[in-house]
Amino acid sequence: MTKASDLFVAALEAEGVEYVFGIPGEENLDLLESLRNSNIRLLLTRHEQGAGFMAATYGRLTGKAGVCLSTLGPGATNLVTAAAYAQLGAMPMLMITGQKPIKVSKQGHFQIVDVVDTMRPLTKYTRQIVSADTIPARVREAFRRAEEERPGAVHLELPQDIAGDDTGTRLIPPAFSRRPLAEHKAIAHAAEAIRDARHPLLMIGAGANRKTTARQLRALVDKLGIPFFTTQMGKGVIDEQHPLWLGNAALSDHDFVHRAIDAADCIVNIGHDVIEKPPFFMREGRRTVIHVNYAGAEVDAVYFPQIEVVGDIANAVWQLGEALEPQPHWDFAFFDRVRAALLDNLGQLAGGPCFPLTAPRLVAEVRAAMEPCDVVCLDNGLYKLWFARGYRCREPNTLLLDNALATMGAGLPSAIAARIVCPDRRVLAICGDGGFMMNSQEIETAVRLGLDLTVLVVRDDAYGMIKWKQAHEGYPSFGMDLGNPDFVKYAESYGARGHRPDSAEAFAPLLREALDTPGVDLIEVPIDYADDDRLLNEEIPRLSAAVD
């Protein structure tokens, strides 16, 4: 006979789990002891939300479900935002929560909420384990659901008394599986539409951010010479220094890339779905849109593709490449002019010795300091639009941002997980002062784990993105300004190093020094958003409209 908690942990080991992020409670003590005697490393965090963000990012970077742990009640409800973050962002993650004994109640309803039903709309799969004998099946099914396309969040609740039971049940080994391939008639139909188009264009979304898909896409672009652009979460799938890159749909309209979109008569959408903010708006009759993804398109008022290629994306891209050759009637001259205007605009915005820094100047300095394989983890704020637009990624998953749930507070925990997964790469977290303070306590986690991590806190003493929107819509400034601690002393109180540059010229060498020095460094840098409304809503639309 085997103790149920030992069997549960053995099932996690069989799934290849390396780390469990989280905060245990008294209802998890049997599981905690089983973890202590396993090969899995428990990484204690300062808040369950941070643990969930870390587990989700682990899943995003590895393709294997990241695992996080909490107790019942308030510990479990603290995972709710992370559950939505993983589910909408297609990041495989398993949440394990404790619960009071279910066979005999000694404390009434103290701390008890229905966690399983709470998680139901936020996960692909959620179950309470009511018998030790069901542990192998429940764990195997949870991992299968979390990791199969489209990936997402799953949840298992392990009650205290069930964890202490004995069982003779054996583990269920993972089955060999293969994703279904796109049907050849769909490939032929899509290839015909691309072949017949005059101005075809590729759009790359988050679902294409897989190693094999990235290789196949690069081969397709190089063979056919079709220009491409990306959604925010599709950045880096193809090197954005590629001469056919047309930019990123950081904005939903009126940017340079949207001039190319408007000129395209066939858009091949590879790996995007409507959970991510729409990169463009479809208008009936304007163009043919081809949907290439693991699942069919959910019909929406802004997205209703005429052709669907459903199946393994990498294989579908390969099949399209085999079915197509460059066509003499394809005309990309206007796209070339759009690209030249975009690159000129990015260069113009990045200049100037102003201090506080503008967001485009910040993007340029960070890009110059980071190697192609280094990882930047963004929180959410106005600066995220500028990084999506102007930070030219060289490799997949080197700019981690969230354009699905778009939650604040994920930047620092995400960077901690990225550093654990990628110990041979430099990792930089970039957070607004508002987002940073939502999970700033995880600085202690990074210090305690001995991580080499740099945290850039962009300070404007306000909730900058909403303040920008408020001003753009003609409202007076209200309810957006806030106070902040001394971030340098705050970092030092946790045992990290704190820095504050006093000029634009001082920022770049300070950033490089922090990135190259072992340990945890925090840099506080002021940012100036004063001109962003004019740039984003007047200047960029005017310049992009002038491309002819």
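Being assigned to a loop (DSSP other than H, G, I, E, B) and either in contact with a Gly (Cβ under 6 Å, 6 or more places away or on another chain) or more than 17 Å from residue 244 (Cβ to Cβ) (or both) is the filter here, so list the residues in the range 219-232 that pass it.
Restricting attention to the range 219-232, the residues satisfying the condition of being assigned to a loop (DSSP other than H, G, I, E, B) are 225-227, 231.
Passing the criteria: only 231.
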May I ask you to verify whether residue 497 is among the basic types (Lys, Arg) and within 19 Å of residue 43 (Cβ to Cβ)? no
Determine whether the range 327-336 contains at least one residue that is of a type outside the set (Lys, Arg), surrounded by fewer than 21 Cβ atoms within 10 Å (Cβ to Cβ) and modelled with pLDDT under 95. no
Restricting the search to the range 377-395, which residues are surrounded by fewer than 24 Cβ atoms within 10 Å (Cβ to Cβ) and closer than 20 Å to residue 55 by Cβ? 380
The conditions are (1) modelled with pLDDT of 95 or more; (2) out of contact with any Gly (no Cβ under 9 Å at 6 or more places or on another chain); (3) surrounded by fewer than 24 Cβ atoms within 10 Å (Cβ to Cβ), and residue 145 fails exactly one of them. Which is it? (2)
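Please enumerate the residues belonging to the range 31-55 that are within 19 Å of residue 74 (Cα to Cα), aliphatic (A, V, I, L, M) and buried (at least 17 other Cβ atoms within 10 Å of the Cβ). So that I can check it myself, show each step before the final result.
Here is the first cut: in the range 31-55, the residues within 19 Å of residue 74 (Cα to Cα) are 31-32, 44-55.
Next, only the ones that are aliphatic (A, V, I, L, M) stay: 31-32, 44, 51, 54-55.
Matches in the range 31-55: 31, 32, 51, 54, 55.
Can you tell me how many residues within the range 442-470 are over 26 Å from residue 20 (Cα atoms) and of a type in the set (Gly, Ala, Ser)? First the steps, then the outcome.
Residues of the range 442-470 over 26 Å from residue 20 (Cα atoms): 456-470.
If we keep only those that are of a type in the set (Gly, Ala, Ser) as well, we get 462, 464.
Matching residues across the range 442-470 total 2.
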For the subset of the range 269-292 comprising residues that are without any contact (Cβ under 8 Å) to a residue 60 or more places away in the chain and of a type in the set (D, E, K, R), which member is nearest to residue 193 (Cα to Cα)? 287
Of all residues in the range 41-81, which are farther than 15 Å from residue 415 by Cβ, among the charged types (D, E, K, R) and not in a helix (DSSP H, G or I)? 41, 64
Only helices (runs of 4 or more DSSP H) wholly contained in the range 124-218 count here; list those with 1 or more residues that are closer than 30 Å to residue 278 by Cβ and out of contact with any helix residue (DSSP H, G or I) (no Cβ under 8 Å at 6 or more places or on another chain). 135-147, 184-196
Limited to the range 423-454, what total is found for residues that are surrounded by 19 or more Cβ atoms within 10 Å (Cβ to Cβ) and of a type outside the set (A, V, I, L, M)? 12
For the range 119-130, indicate whether the set of residues that are touching a residue at least 24 places away in the same chain (Cβ under 8 Å), within 17 Å of residue 29 (Cα to Cα) and surrounded by fewer than 24 Cβ atoms within 10 Å (Cβ to Cβ) is non-empty. yes
Among the listed residues 308, 322, which satisfies the condition of being in contact (Cβ under 8 Å) with a residue 60 or more places away in the chain and under 29 Å from residue 63 (Cα atoms)? 308
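Table: residues versus (1) of a type in the set (Gly, Ala, Ser); (2) in contact with a strand residue (DSSP E or B) (Cβ under 7 Å, 6 or more places away or on another chain).
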{"position": "296", "(1), (2)": "yes, yes"}
{"position": "299", "(1), (2)": "no, no"}
{"position": "308", "(1), (2)": "no, yes"}
{"position": "316", "(1), (2)": "yes, yes"}
{"position": "321", "(1), (2)": "yes, no"}
{"position": "324", "(1), (2)": "no, no"}
{"position": "328", "(1), (2)": "no, no"}
{"position": "336", "(1), (2)": "no, no"}
Within the range 424-447, work out how many residues are touching a residue at least 12 places away in the same chain (Cβ under 8 Å), under 24 Å from residue 508 (Cα atoms) and not in a helix (DSSP H, G or I). 9
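Every residue, every condition in (1) within 20 Å of residue 395 (Cβ to Cβ); (2) modelled with pLDDT under 95; (3) over 23 Å from the mean Cα position of the chain (by Cα), yes or no:
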site: 239; (1), (2), (3): yes, no, no
site: 271; (1), (2), (3): yes, yes, no
site: 275; (1), (2), (3): no, yes, no
site: 280; (1), (2), (3): no, yes, no
site: 306; (1), (2), (3): no, yes, yes
I'm trying to understand the selection: among the residues of the range 85-118, which are touching a Pro at 6+ places or on another chain (Cβ under 7 Å) and surrounded by fewer than 16 Cβ atoms within 10 Å (Cβ to Cβ)? 101, 102
Given (1) part of a loop (DSSP other than H, G, I, E, B); (2) farther than 25 Å from residue 315 by Cα; (3) touching a helix residue (DSSP H, G or I) at 6+ places or on another chain (Cβ under 7 Å), number of the condition residue 237 does not satisfy: (2)
State yes or no: is residue 294 in the same structural domain as residue 201 (by TED's automatic domain parsing), out of contact with any helix residue (DSSP H, G or I) (no Cβ under 7 Å at 6 or more places or on another chain), among the aromatic types (Phe, Trp, Tyr) and surrounded by 14 or more Cβ atoms within 10 Å (Cβ to Cβ)? no
So, of the residues in the range 201-211 that are over 13 Å from residue 225 (Cα atoms) and of a type outside the set (Gly, Ala, Ser), which turns out to be surrounded by the most Cβ atoms within 10 Å (Cβ to Cβ)? 204
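This table checks each residue for (1) without any contact (Cβ under 8 Å) to a residue 40 or more places away in the chain; (2) surrounded by 24 or more Cβ atoms within 10 Å (Cβ to Cβ); (3) in the same structural domain as residue 310 (by TED's automatic domain parsing); (4) hydroxyl-bearing (Ser, Thr, Tyr).
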site	(1), (2), (3), (4)
199	no, no, yes, no
214	no, no, yes, no
221	yes, no, yes, no
233	no, yes, yes, no
237	no, yes, yes, no
246	no, yes, yes, no
251	no, no, yes, no
267	no, yes, yes, no
Can you find even one residue in the range 13-29 that is closer than 19 Å to residue 155 by Cβ, modelled with pLDDT under 95, surrounded by fewer than 19 Cβ atoms within 10 Å (Cβ to Cβ) and charged (D, E, K, R)? no
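The values are calculated or read from the model by the stated rules, or taken from the named source; none is laboratory data. In this text the structure is predicted, and so the values were computed from the model without any measurement. Every residue, glycine as well, gets a Cβ built from its backbone with ideal geometry; the counts of neighbours run over all protein chains shown.
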